[in-house]
Each structure stands twice: as C-alpha cells, then as structure tokens.
1. If I filter the stretch 64-92 down to residues being closer than 18 Å to ALA14 by Cα and hydrophobic (A, V, I, L, M, F, W, C), which single residue comes out as nearest to the chain's Cα centre (by Cα)?
2. How many residues does the stretch 94-106 hold that are surrounded by fewer than 11 Cβ atoms within 10 Å (Cβ to Cβ), touching a residue at least 40 places away in the same chain (Cβ under 8 Å) and hydrophobic (A, V, I, L, M, F, W, C)?
3. Criterion first (more than 30 Å from GLN98 (Cα to Cα), surrounded by fewer than 12 Cβ atoms within 10 Å (Cβ to Cβ) and free of Cβ contacts under 8 Å to residues at least 60 places away in the same chain) does ASN22 satisfy it?
4. Can you name every residue in the stretch 50-93 that is touching a residue at least 60 places away in the same chain (Cβ under 8 Å), part of a loop (DSSP other than H, G, I, E, B) and not aromatic (Phe, Trp, Tyr)?
5. Kindly provide the set of residues from the stretch 7-16 that are over 11 Å from the mean Cα position of the chain (by Cα) and surrounded by 15 or more Cβ atoms within 10 Å (Cβ to Cβ), ordered by number.
6. Can THR46 be described as surrounded by fewer than 13 Cβ atoms within 10 Å (Cβ to Cβ) and not hydrophobic (A, V, I, L, M, F, W, C)?
7. Residues ASN47, ASN54, ASN22: which one is among the polar types (S, T, N, Q) and closer than 23 Å to THR7 by Cβ?
8. Considering the stretch 30-46 alone, what residues qualify as being of a type outside the set (Asp, Glu) and in a strand (DSSP E or B)?
Amino acid sequence: MVINMVTRTVQVTATLTDSDGNPLSEKDVYLYYRPSGETTWNDIGTNPHTTDTNGQATDTIDLTVPGDYDFRAEFQGDQDYEASYTELLNQHIKAKTQITLTITPQ
C-alpha cells in the first residue's frame, strides 16, 4: 500500500486559566510542535501568542500527514501568576479523504 504524504492545516488552541478555572486574558502563551521522537520544539506561528477574553491563544500550522506529532503550550509566568505548561504527545494526524459515488443506469 502506498501512502501519499500531503500537508494538512491543523488548528492549535491553548486555554490559560487561574487555579479556579477563570480565563486569563492578555497573557503571553507560547505554542510549539515537533514530530514525535524529535527533541527540538518548533514555533507555531510567531510566539508569543496573546490570550483572548476566553483565555485562549490559537494558531494554525501545516503538517505533513499522515504523521505523529507532539504539541506544547507554555505560559512563562508574570508578576501575578506562576509559569505553567502542558503537552500532548504522539498525536496522530490523519490525511483527509474524499469519496465519490457514481450512478450508471443500465
């Protein structure tokens, strides 16, 4: 079986909250990705990303699919809040498919 390697746009969203779950807006969040098994993190878009009123920082990236990727969101802390980060590892991103149906009267 031959698998065509193509790119797919993936949206990455990080949500920053305080310890009570309240969204933190106007904070700098760094978004990263890497192919699973690699050690170097790559920027997603231009870091840092500023959180919106929902505490979310969002960007998109074009990835070669199918493939396995790791993602990381990082808040480096500020005068009011301590630093934090989270990672999603070994995320399998699939290639899109399309199916066509043809009807031929006989």
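What follows is calculated from the coordinates using simple rules that are stated; it is not laboratory data. Fair warning: this is a prediction, and the values are worked out from it, not measured in the lab. Cβ sites come from the backbone with ideal geometry, for glycine too, and all protein chains shown count toward neighbours.
1. For the stretch 64-92, the residue satisfying everything is PHE71.
2. Here the count works out to 0.
3. Yes, satisfied.
4. The answer is PRO66, and nothing else.
5. Within the stretch 7-16, ARG8, THR15, LEU16 meet the criteria.
6. yes
7. Exactly one residue qualifies, and that residue is ASN47.
8. TYR30, LEU31, TYR32, TYR33, ARG34, PRO35, ASN42
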